[in-house]
Each structure stands twice: as structure tokens, then as C-alpha cells.
Amino acid sequence: MSPTIKDVAKLANTSKSTVSRYLNGLPVKKETEEALKKAIKELNYHRNENARRLVVSKTQTIGIVVDSMTNLFYPMIFRGIEEIASEKGFNCVFYSMASNKYNESYFQNLYFEGHVDGILMISFRKRNQQDLLEIADADFPVVVFGDSADVENLVSVDVDNYFGISELVRYLSRIGHRKIAYISGPSAAAATQCRLAGYLETMSQLGLEVNPEWIIPTNWSNEDGYHAMNRLLAIGDFTAVVASNDETAIGALRAVQERGFNVPSDLSITGFDDITLSSWTYPTLTTVKQPFFEMGKKAASELFKRMDEGEEYTPMRHLLKPELIIRDSCRKISEPIST
């Protein structure tokens, strides 16, 4: 027969209520804590989580729904989420949309069936607005990470993609570049339109020419960046390229070097994301760093805030600023321009 709280209390020479306090993370006297640790280890005691959940009507678990487990940015986001969850005494359970083949709205059942106390939904893809409207109308503790599809009454966390590209364009302008081309992303990615808008509107604000032929769409791969750069080189008449992610920037860098040009002497290139490889290219890549760890912490913090405050919580969209990382892939070509 498995040991009980009563057995632990007897061996530690304390009360059942004190054992319960300790197991739920509440403070007890130092000597009592040591006695409880010793008793739990000696008895090999494991508390009955199912019974505990029946008493407190909580699972002490949050569900994390992702579009795919293979995204290279997700581990850092998960670390941020788990840090906050650990502080709150909660576990994290992960669910993959790719393996289950369900829409995001399906996963609200995890909450209503009592499997989790709240849900984080993570995706960098462009979301279905009707799906998010259904989630918002269900009115349960949920935070959407990434695209919010302009749905109100929904808590969402994302990076400020517009700001990141705008910072890159403004930096290139400050070091003298007037003709700046742009390597865009795939239509299925939520960030693509925001980043393109950041490029177009900032170029306009700075009074810089935008040649439509200088804007090349890609699928955000090294190979597509390579081909996009070759297309741009055939058009010519620009001094810098803003690539909307680091993968395409690295492909573009290779294309330029294979054609016998030098970066940054002949052409400046920037990326977006600050992946590990961006600091190992030659030359090292100027880019913007996404705060994935902080974004994970923010998403988890807002979820717990929503769980605690209930109807009093005011949902809103939270955009975290990326950081400009200046390295060696850009060069000054004139006196700085005040912007």
C-alpha cells in the first residue's frame, strides 16, 4: 500500500495540515522542512495529483499548442514560458497541430474538458480570423503568440516586425545609403506583410526611392535568398539590401561573393532574426535580434495574469521591440544623414 500524508506526518512528527502546506509550496519552519524531506525520501512518498486536482479544481498545468515542433526559434520561447510556469508551480504540456491536424480552435477543448488551466497558442503563420474569433468568443484563459488576425478581445504577444525592418532601413540611411533593395518573405508567414510595410513606409518617410523591381519575394530559405540576390544583381542600381530574415541574407551574401563582388565594399546586406550563424558568416551579418526568451516570458506572464484576474483582465496585443545588431556587412558610404 502506498504511503499517505498521514504516514509522512507521523514519521516527521508533525501534522497532516503542515505536510499539506509544505507540498503546496507554502512556508514551514526550517527544522520541519528538513524532517519532511527526510520522511518523504524514506517513505518514497508521491502525492496523488488526481486527488489534489479534485480538491482545488486546478490541474496546475498549462497547455502549449504549436503549429510545428521543428521551428528553430521555439526552444528559446519555450524556455521563457517554462521559467514563468516554474515560478508559479505549474507544469507545461505541449501539443502539436501538425501531428493532430486540427485547427487552433479545437484545442480550447483542453481547457473545457479540464486537462489544463490555460492555453498558449504559438504560430508564426498567418492565422485564420474566423478560428481566432471562435477562440475569443469562448472566453477562456488563452494567449496567442504571433499573428492575432486583428481580432479584438484576445491577448496576443509578438515581435514588432515593422519596427525591426524600419530600424534597419534607418540605419542604412544614416550611413549614407539612398538606394536600398528588399528581399521579402512568403505570403503564408504573418510577419511578411508587417516587415514589407516597415520597408516601404520607412523608405517613403525618409524620402528614398523605391523601385518595385527591387522587391523580391522568397520562401525565407538560403536557396531562395541566393536566387533573389542574383535577380537583384541583374537589375542593379542599388547599394544595400535589406533581407527580411537571416537565412535569405546568408544566401544573398553567397550570391554576391560568387559574382566576384565584395560585402560590404561593393554592397551592404542586412538580415532579420539574429540566428547563431549570422555572427559566423564572413563578413558577420548586421541584423535585428528577436527577443524570443522575453517574448515567451511575456506570453506566460499574461496567461497567468488572465487566469488570476478572470473577467477583470483587459486583453490587448503586446509587441516587443527587436534590437539592432550592427556587425560588418554594411559600410558607410557618405557622411551620416540626420533622421
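The values are calculated or read from the model by the stated rules, or taken from the named source; none is laboratory data. Because the structure is predicted, anything quoted here is derived from the model rather than measured. For neighbour counting, all protein chains shown are included, and Cβ atoms are generated from backbone atoms with ideal geometry for every residue, glycine included. Surface accessibility is based on the protein's heavy atoms, side chains included, excluding ligands, DNA and RNA. Shrake-Rupley method; radii C 1.70, N 1.55, O 1.52, S 1.80 Å.
Brief remarks follow.
- A cut-off of 5 Å between modelled amide H atoms, ignoring neighbours fewer than 5 places along the same chain, links residue 328 with 284, 285, 286.
- Counting Lys and Arg as +1 and Asp and Glu as -1 over every other residue whose Cβ lies under 11 Å from the Cβ of residue 119, the net charge comes to -1.
- Column: log10 I(q)/I(0), Debye, Cα scatterers of the range 180-261, q = 0.11 Å⁻¹: -0.26
- Database remark: amide H of residue 95 closer than 5 angstrom to the amide H of 64, 65, 66 (H placed geometrically; neighbours at sequence offset of 5 or more, or on other chains; Pro and chain starts carry no H).
- Relative to the 2.2 N^0.38 Å rule of thumb, the range 174-213 has a C-alpha radius of gyration ratio of 1.24.
- Between the amide H of residue 189 and those of 126, distances stay under 5 Å, these residues lying 5 or more places away or on another chain, with hydrogens modeled in the peptide plane.
- Kirkwood Rh and Cα Rg combined as Rg/Rh, the chain: 1.13
- Solvent-accessible heavy-atom area per residue, rounded to whole Å², over the range 225-339 at 1.4 Å: 48 Å²
- Computed across the range 56-170, the Kirkwood radius stands at 15.0 Å (inverse of mean 1/r, all Cα pairs).
- Cα gyration tensor category, rounded, prolate or oblate, for the range 151-191 with a/c compared to 1.5: oblate
- Backbone geometry of the range 34-40 corresponds, through the Karplus equation with coefficients 6.51, -1.76 and 1.60 at θ = phi - 60°, to 3J(HN,Hα) couplings of 5, 5, 5, 4, 5, 5, 4 Hz, x marking Gly and Pro.
- In the chain, the DSSP-assigned H stretches of four residues or longer account for a calculated mean residue ellipticity at 222 nm of -13000 deg cm²/dmol, using -39500 (n - 2.57) per stretch and the full residue count as denominator.
- Flagged links, alpha-carbon separation over 23 Å, of 41/297; 101/289; 6/29; 6/41; 101/305: 41/297; 101/289; 101/305
- Of the solvent-accessible surface of the chain, computed with a 1.4 Å probe over protein heavy atoms with every protein chain present, carbon and sulfur atoms account for 49 percent.
- Inter-label distance, nm, simple model (7 Å from Cα along the C-beta direction), residue 87/residue 109: 3.4 nm
- Efficiency of FRET between residue 4 and residue 100 - r from beta-carbon atoms, R0 45 angstrom, step 0.05: 0.75
- Highest mobility in the GNM of the chain, judged by mean-square fluctuation with C-alpha springs under 10 Å and restricted to 289, 37, 101, is found for 37.
- Maximal additional length on extending the residue 221-residue 34 stretch stands at 61.8 nm, based on 0.36 nm per residue less the C-alpha distance.
- For the pair residue 332 and residue 79 in one chain, pulling the backbone fully straight at 0.36 nm per residue adds 87.3 nm over the alpha carbon distance.
- Label point at residue 187 placed 7 Å out along Cα→Cβ; residues across the range 101-137 whose backbone nitrogen lies under 15 Å: 126-127
- Alpha carbon Rg of the range 200-322, scaled by the compact-globule rule 2.2 N^0.38 Å: 1.38
- Fluctuation leader among 206, 120, 319 - the chain, Gaussian network, Cα springs under 10 angstrom: 206
- Translational diffusion of the range 92-237 was estimated from the Stokes-Einstein equation, with Rh taken as the Kirkwood radius over Cα pairs; at 4 °C and 1.567 mPa s the coefficient is 73 µm²/s.
- Alpha carbon centroid spacing (whole Å) that separates the range 241-277 from the range 169-210: 15 Å
- Segment residue 179-residue 70, extension gain: residue separation times 0.36 nm, minus the distance between their alpha carbons: 35.6 nm
- At 1.567 mPa s and 4 °C, Stokes diffusion of the range 263-337 via Kirkwood alpha-carbon radius, µm² per second: 86 µm²/s
- Cα-Cα separations in the range 114-174 greater than 17 Å, expressed as whole percent: 48 percent
- Shown in residue order for the range 291-302 are the 3J(HN,Hα) couplings computed by the Karplus curve 6.51 cos²θ - 1.76 cosθ + 1.60 at θ = phi - 60°: x, 4, 4, 5, 5, x, 5, 5, 4, 5, 4, 5 Hz (x for Gly and Pro).
- Structure remark: mean-square fluctuation, Gaussian network model of the chain, C-alpha springs under 10 Å; the largest value among 114, 225, 146 belongs to 114.
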